[in-house]
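S.K.: This is the structure, below, for whatever I ask next.
The values are calculated or read from the model by the stated rules, or taken from the named source; none is laboratory data. From a predicted model like this one, the values you see are computed outputs, not experimental measurements. All Cβ positions, glycine included, derive from the backbone under ideal geometry; neighbour counts span all protein chains shown.
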Amino acid sequence: MGRSTATILIRGARQLLTLRGSHAPRRGSELNQLNIIPDGSLLIRDGVLLEVGPTRRVENLAAAHHAIEISAAGRVVMPGFVDSHTHLLFPAPGPPGGDFDSQVRTMHATTAAQLKMRARVYLQAMARHGTTTVEVKTGTGADPGAEMKILRVLADLKEEPLDIVPSFLFRAPPSISEPEQNFIAIWRWVCHDFLPTIRRRQLVHFADLVWDPFLAHEEAFAGYLQVARSLALGCKLHAEAVDTSAAISATAGFRLTSIDHLEHATANDAEALSRSNTIATLLPCASFYGGVPYAPGRVLMDSGVPVALATDFNAQQSPALSMQTALALACQQMGFSPAEAISAATINGAYALDCADRIGSLEQGKSADLLLLNVSDYREMGHSLGTNLVHMVMKRGQVIYEEGQVGVRPTEDLQPAW
């Protein structure tokens with residue numbers, strides 16, 4: 001997808017949430033600072049934000065005189081959501097359950113064309129709910145055919161309206177995690193063969209890791225992160241086990257971009273994380289569907305940990321793909337204020353993907369990724385669970401979704417299926 005070459009004026013927002021602030025992940029009281037401009041406007045040129053400010057000033061600029069105008073009267077305008085943790089393509093959709101090996105076999109039986117079609121359906125649904133950038137993980141274990149299929153499909157989807165950030169997820173497949181020699185062989189293959197190959201082909205941005213405390217392979221896990229760092233890949237960590245402290249302490253020296261899940265994090269874990277710039281990516285939808293505790297969001301924020309929110313979309317176990325749902329659940333179940341949740345779902349999500357220099361806030365020079373919402377006060381988002389509040393979505397200055405009318409469609413307008 002390219003950029004819009006037109007000059008566009010988005011005019012008269014009831015609340016313009018800019019999220020302007022320091023050039024660092026937001027933490028503590030900063031999460032509540034949305035830097036709102038009442039009656040705000042935006043001027044966009046070539047897909048980039050040219051001016052952001054009060055309507056009276058922006059509309060009188062020379063560049064605004066012949067711009068295409070979009071009215072935001074009565075609405076909230078804010079940055080597009082950044083969904084920094086999803087499992088978009090694996091496992092396949094279906095009822096919860098099924099063993100890991102059968103899920104991998106399903107991936108092999110699914111063609112790349114089918115996989116791409118399924119991905120497009122999900123991505124379009126995400127866009128309709130306000131997501132403009134999404135991270136997608138692999139995760140089929142030590143299966144080069146299945147992993148490469150997912151990564152190639154993601155590479156083919158680069159022209160989709162949403163920006164896609166691919167991550168390779170290393171996990172020990174349950175069926176071959178024992179005996180010891182099998183795991184070591186898998187680890188060596190991943191570190192010395194597969195990871196360098198997919199990096200050389202520019203198929204991934206991040207190396208992710210499922211930390212499994214029961215495998216007792218801390219040295220191998222640390223070696224994986226070390227190899228990823230040597231390949232100039234960002235590093236992420238799944239820390240969903242009961243003993244979160246071991247994962248945090250063992251990976252302290254690897255400058256993780258994010259550590260995700262943290263449903264069992266303690267106050268001591270929060271204190272340890274507060275001393276780094278690692279983003280704690282919290283996944284309330286996973287707790288909602290999985291029956292596990294919600295991550296202690298209030299404890300983490302009060303300790304000064306920079307937090308992000310993401311959906312953890314997974315077509316089987318966590319089939320919520322709306323960041324609005326994650327935001328509302330965070331407010332209802334995890335102690336977030338609406339402002340904190342918005343910061344976590346936008347600018348800190350961008351930091352969790354190493355792209356906050358381009359997206360996540362509405363500032364001069366950044367990409368025009370933004371939403372017009374059917375609310376007049378952003379705080380309504382904190383309790384609007386299950387309602388799509390999006391009126392319009394813009395990506396790089398191009399409208400990729402606009403709310404339509406509901407009405408009867410004449411039968412003669414329908415296209416036959418054959």
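S.K.: Restricting the search to segment 137-153, which residues are of a type in the set (A, V, I, L, M, F, W, C) and either touching a residue at least 60 places away in the same chain (Cβ under 8 Å) or touching a Ser or Thr at 6+ places or on another chain (Cβ under 7 Å) (or both)?
M.R.: Initially, segment 137-153 is screened for residues of a type in the set (A, V, I, L, M, F, W, C), giving 142, 146, 148, 150-151, 153.
Scanning segment 137-153 gives ALA146, ILE150, LEU151, VAL153.
S.K.: Determine which single condition LEU195 fails, assuming it passes every other condition in (1) in a helix (DSSP H, G or I); (2) modelled with pLDDT under 95.
M.R.: Every listed condition holds for LEU195 apart from (2).
S.K.: Among the listed residues VAL190, VAL134, identify the single one that is under 22 Å from ALA345 (Cα atoms) and either surrounded by fewer than 21 Cβ atoms within 10 Å (Cβ to Cβ) or in contact (Cβ under 8 Å) with a residue 12 or more places away in the chain (or both).
M.R.: Just a single option satisfies the conditions, and that option is VAL134.
S.K.: For segment 34-47, how many residues are surrounded by fewer than 17 Cβ atoms within 10 Å (Cβ to Cβ) and within 26 Å of the chain's Cα centre (by Cα)? Step through it out loud before you land on a result.
M.R.: Within segment 34-47, the subset surrounded by fewer than 17 Cβ atoms within 10 Å (Cβ to Cβ) is 35, 38-39, 46.
Right, trim to within 26 Å of the chain's Cα centre (by Cα) and you get 35, 46.
Of the residues in segment 34-47, 2 are surrounded by fewer than 17 Cβ atoms within 10 Å (Cβ to Cβ) and within 26 Å of the chain's Cα centre (by Cα).
S.K.: Out of segment 54-68, which residues are surrounded by fewer than 15 Cβ atoms within 10 Å (Cβ to Cβ) and either in a loop (DSSP other than H, G, I, E, B) or not aliphatic (A, V, I, L, M) (or both)?
M.R.: Residues of segment 54-68 surrounded by fewer than 15 Cβ atoms within 10 Å (Cβ to Cβ): 54, 56-57, 60, 62-63, 65-66, 68.
Passing the criteria: PRO54, ARG56, ARG57, ASN60, HIS65, HIS66.
S.K.: For segment 229-241, which residues satisfy the criterion of being without any contact (Cβ under 8 Å) to a residue 60 or more places away in the chain and touching an Asp or Glu at 6+ places or on another chain (Cβ under 9 Å)?
M.R.: Once the filter is applied, which keeps residues that are without any contact (Cβ under 8 Å) to a residue 60 or more places away in the chain and touching an Asp or Glu at 6+ places or on another chain (Cβ under 9 Å), segment 229-241 yields CYS235, LEU237, ALA239, GLU240, ALA241.
S.K.: Further, regarding this structure: What number of residues in segment 389-409 are more than 20 Å from LEU43 (Cβ to Cβ) and touching a helix residue (DSSP H, G or I) at 6+ places or on another chain (Cβ under 7 Å)?
M.R.: Within segment 389-409, residues that are more than 20 Å from LEU43 (Cβ to Cβ) and touching a helix residue (DSSP H, G or I) at 6+ places or on another chain (Cβ under 7 Å) number 3.
S.K.: So which residues in segment 9-33 are touching a helix residue (DSSP H, G or I) at 6+ places or on another chain (Cβ under 8 Å), surrounded by fewer than 24 Cβ atoms within 10 Å (Cβ to Cβ), under 16 Å from GLY349 (Cα atoms) and among the charged types (D, E, K, R), if there are any at all?
M.R.: Selection gives ARG27, GLU30.
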